[in-house]
Every structure is written in C-alpha cells, then in structure tokens.
Amino acid sequence: MPYIDKFFEVLVNEAASDLHIGEGQPPKIRKHGDVMAIRDELVTRDEAVAMLSEICGPKSWAIFEERGDFDFAYEMDKKSRFRCNFLKQTNGYGAVFRLIPTRIASLEELGIPPVVKQFGDLRGGLVLVTGPTGSGKSTTLAALIDYINTTYARHIVTIEEPIEFVHSNKLSVITQREVPEHSSTFPAGLKAALREDCDIVLVGEMRDLETVSLALTAAETGLLVFGTLHTNNARKTVDRMIDVFPADKQPQARTMLANSLRGVLAQLLLKRADGSGRIAVNEILISSNAVSSIIREGATQKLQDVIVSGKGQGMQFMDDAIWALLQQGVISPHEAFMKAIDKNLFKKFLPPDEQGFANSAGATPEDEQRPPGDFVKTRARKR
C-alpha cells in the first residue's frame, strides 16, 4: 500500500473533502469547509518526496519537477478516487487532493432544483455551470451528464484536467479525454470533438479566449456544450464570457453568446447551522428573448430583474435562495451574510457583536426592514 494511502484513509473516514500536504507544515484536511491538522508532526522533504513521487510514477514526477505544477487522478480503491494537484511552494513541495466520489449522485440527491434537468434535455446551445473553487461544480455537472446518459442515446465527449468522475456507458456513449494525457489542451480537445460525431461536449474549464471562442462556435453549430467558470452568479458569468475577448471583438462575442446561451447554473456551498456538513445553493438563469436582448445590449445589470421575475419559469436569484435557507434555519445568519451578493439585506440578522464586522466586510450602515426576498422583488417591480 502506498505510504500516502494512510492519509487518504483519514480523509475518507472523517468524511472530509480535501487533503493538504505541504513541506514544513502538518498534513491537513478540509472538513465541512474548515481546514484542520490531522497530526502535529511537520512534513519533511524526504517524506514529501516519498509520498508524492510514489503515486505518480517517475515520468510524471520528472514533468512536475520541471514545471512546478502537475494535475492527475489517483484511485486508492474502487470507492476512493482523488483529483491530485502537485505544486512547489515557499517551503518546498506541496500537494492538494480532492476526494471524488466513485458513485455519481443524482440531481435529486444533491438537492439541485428539478428545473435543471431541462438543460440536459436540450439539443444544442451553451450551458454554463459556475461557482468558486470547491463549490461542487464538477459533482453537479457529473449528475447532469449521468441524467443524459440514463435518458438519451447521445455521444458525449468530456475534456477534463484531470478526469474526475468516471462515467460508464448507459443509453449514451461517453468518451472521456484528459488534458494533457489524451489531448494537449482544452482548445485542441474541443476542435477534435467537432470531428468525433458528438452531440454533447463538456469543457472542464473555460479559462482562455481560444477555449471560450471555440465553445461559442460549437454551440452555434448545433452541439450542446457544457462549460465551467469560476464566477458566483449569472451576471458575473456573462460579463466574464465577454471580457475575455479584446475590446474590438466584444460586440461580436455578445451576439454569439446571446444566440447560443441556454442557461447559467451558479452554485455555492454553505455550511449547515447544525454542523452536519454543507448544502448547495443555486442561482438559475434560463435564456429567453429578454435575456438575449440584455446580452446583446451589454446591460447585464438587468439580468437580476429577469431572474427574480422569472421565478415561474424556474429561475432563482442567489440571495432569494440563501434567504430561503436562512428562514428554514438550515444555515446561520453569519453564513448567509458571508455568501450573499447584497450583504446589506442580511446584515440585520447578525448578532450585535458582529455588526462592526459586517460593515468591514462590505455592508453599509443603513438597514432595510424588509426581508431579503421581499426586498429584491419590490426593487425589481420598481425598475
């Protein structure tokens, strides 16, 4: 058994999400969003080299030594698979490992709103799943791909770095390609997908102009494209997609995005108030003629009003979703305040001793007396 597996066993047994190994510090795990040490003893250079080089092999270790970063996937057993990132840092070697469940949960099990299945029923266009690192984007996307795999006979190509959830063929045929093992880059994999008789392509990360441009082109030509971005809500997602283009190309990019975008699913993970774990909360934008017009105009500040007024179509504004969880007692006022877009709406629910902290965290001294959901709806009606 590789030496590092005993640390992975602690991670699994503690139901934690990540293992952090850093030379000059103790090994740590992230559990329910908090990082904690699992021993007092510091990781030495020899220990770091032994545990990291053993699981990646000599060829990959040489690449890591040259580049200073390396990503791959490691399977400890049939129940435990990890996304691995090796890195060089101030004190020497380091690594972060994310536990990837080998069983793909359903959208229902994840608590994702039922309307999201509509994205899997589409025959073409662009769907963006967004959120900060560690917000469960990959887990939600895997559930959505599994829904398609179970329901439709399609050819699905995924381009990932590295491959996280491993899909078996059900009704669909799934081709999973890893960067740089199977394709040199995301753009190269996306270009190849256009020649592989695929119906659906999943782009693991849309991080540069070429990838974004190719994804928009693929969506316009009839493919259903799923992509991920590190943005917190629908408005920021649309802005990021446009801002990646040079200024003289942005009008054309807005037109392409307006034509191809079918929806945005933004996701955050919030700590449960009872300390039992975390819960996903989503903002959902479903494209419409109004959304397309807003994107063409570049008036993305209007998207919030569209989302709030589109509740009947299944749309959901992030702060309204957070407010619902706070009302139910699922999350604490502090957690709601920290993750909200408009922090002023949640400031009044904080304990008195946290009010000063709230002002320093971005809230203004004025308080609104209406609850967040009603406030957002009232503001939307006035516009």
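Straight-line cross-link partners of Lys343 among the lysines, defined as a Cα under 23 Å from its Cα and at least 8 positions apart when in the same chain: Lys236, Lys271, Lys302, Lys311, Lys377, Lys382. Phi angles of region 291-304 translate, via the Karplus equation with coefficients 6.51, -1.76, 1.60 and θ = phi - 60°, into HN-Hα couplings of 5, 4, 5, 4, 5, 4, 6, x, 9, 5, 5, 7, 5, 4 Hz per residue; Gly and Pro are given as x. Taking a point 7 Å from the Cα of Val49 along the Cα-to-Cβ direction, the residues of region 70-104 with backbone N closer than 20 Å to it are 70, 86-96. Along region 211-227 the Karplus relation, 6.51 cos²θ - 1.76 cosθ + 1.60 evaluated at θ = phi - 60°, assigns HN-Hα couplings of 5, 4, 4, 5, 5, 5, 5, 4, 5, 5, 8, x, 7, 8, 10, 9, x Hz to successive residues, with x for each Gly and Pro.
Both radii are taken from the alpha-carbon atoms of region 273-361; with Rh as the Kirkwood radius, Rg/Rh is 1.06.
Counting DSSP beta bridges with both partners in the chain, what percentage is antiparallel, nearest 5? Each step should come with its number before you reach the end.
On the way: 40 of 66 bridges.
The answer is about 60 percent antiparallel.
The packing ranking, built from the mean of other Cβ atoms within 10 Å per residue, places the peptides 239-251, 336-348 in the order 336-348, 239-251, highest first. The mean accessible area for residues of region 262-310, using a 1.4 Å probe and ignoring ligands and nucleic acids, is 37 Å² per residue. For region 75-207, the dipole from Cβ point charges (+1 on Lys and Arg, -1 on Asp and Glu) about the Cα centre works out to 140 debye, to the nearest 20.
Is it possible to state the helix-based mean residue ellipticity at 222 nm for the chain, with each DSSP H run of 4+ residues giving -39500 (n - 2.57), the sum divided by total residues, to the nearest 500 deg cm²/dmol? What is it?
Numbers: 16 runs with 151 residues, N = 383.
So the calculated ellipticity at 222 nm is -11500 deg cm²/dmol.
Dipole check for the chain: with +1 at the C-beta of Lys and Arg, -1 at the C-beta of Asp and Glu, and the Cα centre as origin, the magnitude is about 1260 Debye. Rounded to the nearest whole Hz, the Karplus-based 3J(HN,Hα) values (6.51 cos²θ - 1.76 cosθ + 1.60, θ = phi - 60°) of region 231-239 follow the sequence 10, 8, 8, 5, 4, 4, 5, 4, 4, with x at glycine and proline.
Distance from the Cα centroid of region 241-280 to that of region 218-240 is 6 Å (rounded to whole angstrom). Under 5 Å between amide hydrogens, built in the peptide plane, is the criterion, and for Phe82 it picks out Tyr74, Glu75, Met76, Ile100 among residues at least 5 positions away or on other chains. When Rg and the Kirkwood radius Rh are both evaluated on Cα atoms of region 14-155, their ratio Rg/Rh stands at 1.05.
Say the dipole of the chain comes from +1 at the beta carbon of Lys and Arg and -1 at that of Asp and Glu; which of Gly33, Val115, His182 then lies farthest toward its positive end? Selected residue: Val115. Sorting the segments 212-224, 69-81, 31-43 by their mean number of nearby beta carbons within 10 angstrom, highest to lowest, gives 212-224, 69-81, 31-43.
Carbon-plus-sulfur accessible fraction, region 48-122 (probe radius 1.4 Å, protein heavy atoms only): 52%.
Residues whose amide H comes within less than 5 Å of that of Arg278, counting only those at least five positions distant or on another chain, are Arg272 (H built at 1.01 Å from N in the peptide plane).
What area, in nm² and to one decimal, does the C-alpha convex hull of the chain cast on average over all directions? Could you put the intermediate results ahead of the total?
Working: hull surface 83.3 nm².
The orientation-averaged projected area of the Cα hull of the chain comes to 20.8 nm².
The values are calculated or read from the model by the stated rules, or taken from the named source; none is laboratory data. Source: prediction; values computed, not measured. Note that each Cβ is placed from the backbone with ideal geometry, even for glycine, and that neighbours are counted across all protein chains shown. Protein only, heavy atoms only, side chains kept; ligands, DNA and RNA dropped before computing areas. Shrake-Rupley method; radii C 1.70, N 1.55, O 1.52, S 1.80 Å.
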